[in-house]
Amino acid sequence: MKRAVLVSIWYLQLIPLISCVVDRSQFPATFLFGTATSSYQIEGAYLAGNKSLSNWDVFTHIPGKVMDGSNGDVADDHYYRYMEDVELMHSLGVNSYRFSISWSRILPRGRFGGVNSVGIEFYNNIINAILLRGIQPFVTLNHFDIPQVLEDRYGSWLNSQIQQDYGYFAEVCFKAYGDRVKYWSTFNEPNMTITLGYLSGDFPPNHCSQSTICISGDSAIEPYIAAHNLILSHATAVDIYRKKFQAKQGGMIGIVLNAAWYEPLRSIPADHLAVQRALAFDNAWFLDPIMYGDYPPEMHQILGNRLPTFSMKEKDKLMNKLDFVGINHYTTKYVKDCLFTPCNVGTLQGDSFVYFTGERDGVLIGEPMAMSGYYVVPYGIEKIVLYFKERYNNTPMFITETGFPQTSYPGASVKDLLNDTKRIEFLNDYLTFLAKALRDGGADVRGYFIWSLIDNFEWLFGYTLRFGLYYVDWLTLERIPKLSATWYRQFLNGNNILNYMTFPSNSTYHPS
Ligand code: GBH
């Protein structure tokens with residue numbers, strides 16, 4: 001009832017400003033505003049065009065791995081409907097689009113076989129179509145999906161051979177697309193690939209120490225070996241780009257991390273230290289080697305010789321291998337120290353000796369989102385940006401993802417899903433604090449991408465969570481704009497429709 005009233009109020013444009021309203025003019029004219037997707041989550045067509053099976057194709061077909069038993073075989077059918085999706089972006093008025101390339105489409109057999117021209121052509125079509133509409137491609141080379149053959153043949157990230165394979169794949173992409181692509185990111189959230197793949201085992205290749213859950217593995221050792229090879233793979237690709245392509249093509253290359261913000265649970269030194277540890281284990285694990293040639297001190301102290309070492313030659317290769325930091329930011333949590341005072345830590349936080357919680361003295365840190373462990377905390381985006389600014393000397397940054405999930409169950413009211421006022425509020429409030437990081441913090445942030453353009457396959461959650469600005473009907477695959485799509489279009493046009501909206505009075509965090 002309240003929702004219906006809300007929407008009609010918006011159409012009548014009767015209600016004056018309530019929430020703090022951010023607008024386009026608070027960001028530089030050259031700022032990238034876009035939407036983000038990834039290959040496995042939207043493309044479908046998992047056997048089409050000479051593509052080989054990816055690790056995710058294989059993993060999702062194992063019963064019990066994905067919550068609703070679904071997979072990305074069809075997903076949004078974007079492989080066949082990409083022109084429709086390009087038109088959606090065009091109608092939003094974005095100036096950039098972040099998407100990823102399916103390695104299995106380009107090199108179905110890795111470096112052990114030929115380049116697949118059908119795969120090359122598919123991304124050429126997308127790149128050309130968006131450029132024609134004034135939309136810059138922001139390309140992720142790897143967003144979780146790798147050719148299964150690399151897993152079967154030599155154990156993918158656990159083997160140093162992956163550096164050659166990854167370097168070769170990157171080079172093929174630079175050669176094919178680099179004349180038009182000016183923003184490359186090597187990896188999406190390697191911190192997730194590694195911890196979920198080799199520590200908890202929730203993601204492929206399903207490695208962990210618990211033999212009841214995982215096919216094999218050693219959660220104390222393998223994550224650090226796999227990350228080591230991934231970091232060196234990043235450096236290999238950047239080396240190739242810098243030596244052979246960058247001068248001529250003039251683009252930037254960086255990496256994207258999943259970067260939550262953390263607040264100390266208690267105002268005691270131990271919890272402040274725990275925040276630093278949590279941030280280091282999430283981000284500096286990858287960024288310190290890539291910028292400074294070695295793992296962060298926070299990890300050395302705890303892990304000792306469980307951390308692999310970089311040779312002098314590798315250190316040299318690593319130094320300064322970043323033109324930008326990509327930040328995927330959704331949420332903030334409290335952390336509590338478990339190093340000085342032992343306490344229960346989750347599987348994923350074990351080695352950092354921190355305990356995560358959303359609650360302090362019975363009060364939540366922010367409104368809970370549909371994804372468990374996620375809370376709406378708008379100021380977190382400013383703080384995480386300032387953390388990267390300080391630690392990495394204001395290296396250019398992009399918010400490569402931020403977004404708001406909705407629960408979707410069979411029979412959910414489409415009307416409710418379309419009237420996504422909570423998402424609009426989330427986007428408005430996070431953008432407000434992002435603008436503040438630029439204005440007051442002097443942070444060199446150059447772009448912002450909403451996850452996601454369309455509802456899509458949400459990994460372990462299958463189709464039960466919806467992040468899209470466009471609703472997708474899973475039976476007909478029809479795309480329908482949510483209210484947030486209209487909001488984003490208006491925002492990019494210089495009008496924030498929050499001007500005309502009110503929100504339910506029980507919603508939290510109205511920055512002013
Ligand atoms: C990003 O991951 C991804 O880049 C994107 O593909 C994804 O669709 C989007 O965010 C929305 O989730 O943590 O063990 O409970 C964000 C990190 C990692 C959060 C996996 C959810 C679920 C498994 N995501 N996590 S677990």
Here the cysteines of the chain lacking a cysteine partner under 4.7 Å (Cβ to Cβ) are CYS20, CYS173
For the chain, count all C-alpha to C-alpha pairs, find those more than 38 Å apart, and express that count as a whole percent of the total. 22 percent
Would you mind checking the pairs LYS65/LYS244; LYS182/LYS415; LYS51/LYS243; LYS65/LYS321; LYS313/LYS336; LYS389/LYS482 and listing those with alpha carbons more than 32 angstrom apart? LYS65/LYS244; LYS182/LYS415; LYS65/LYS321; LYS313/LYS336; LYS389/LYS482
Cβ density ranking, 10 Å radius, fewest first, applied to MET397, MET252 yields MET252, MET397
Relative contact order of region 2-492, defined on C-alpha pairs under 8 angstrom at six or more residues apart (%): 17 percent
With unit charges on the beta carbon (Lys/Arg positive, Asp/Glu negative), name the residue among PRO296, THR332, GLY72 whose Cα is farthest towards the positive pole of the charge dipole of the chain. PRO296
Quick check on the chain: helices-only [θ] at 222 nm, where DSSP H runs of length 4 and up contribute -39,500 (n - 2.57) each and the sum goes over total residues. Nearest 500, please. -11000 deg cm²/dmol
Exposure proxy check on TYR82, TYR198: fewest-to-most Cβ neighbours within 10 Å is TYR82, TYR198
If ILE162, ILE221, ILE101 are placed from fewest to most neighbouring beta carbons inside 10 Å, the sequence is ILE221, ILE162, ILE101
How big is region 84-232 on each of its three principal axes, counting only the C-alpha atoms and giving the largest first in Å? 51, 33, 24
When DSSP assigns beta bridges and you keep just the ones with both residues in the chain, what percent turn out antiparallel, to the nearest 5? 25 percent
To the nearest 20 debye, the chain has a Cα-centred charge dipole, built from +1 on Lys and Arg Cβ and -1 on Asp and Glu Cβ, of 1040 debye
For the chain, what are the DSSP H helices with axial Cα length of 24 Å or more and mean Kyte-Doolittle hydropathy of at least 0.0? 222-240
Hey, if you put +1 on the Cβ of every Lys and Arg and -1 on every Asp and Glu Cβ in the chain, which of GLY468, ASN95, PHE169 ends up farthest toward the positive end of that dipole? ASN95
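We did not get these values from a lab; they are worked out from the coordinates using the rules stated. The structure presented is a predicted model; accordingly, all values stated were derived computationally and were not measured. Counting neighbours? That spans all protein chains shown, and the Cβs are built from the backbone with ideal geometry, glycine included.
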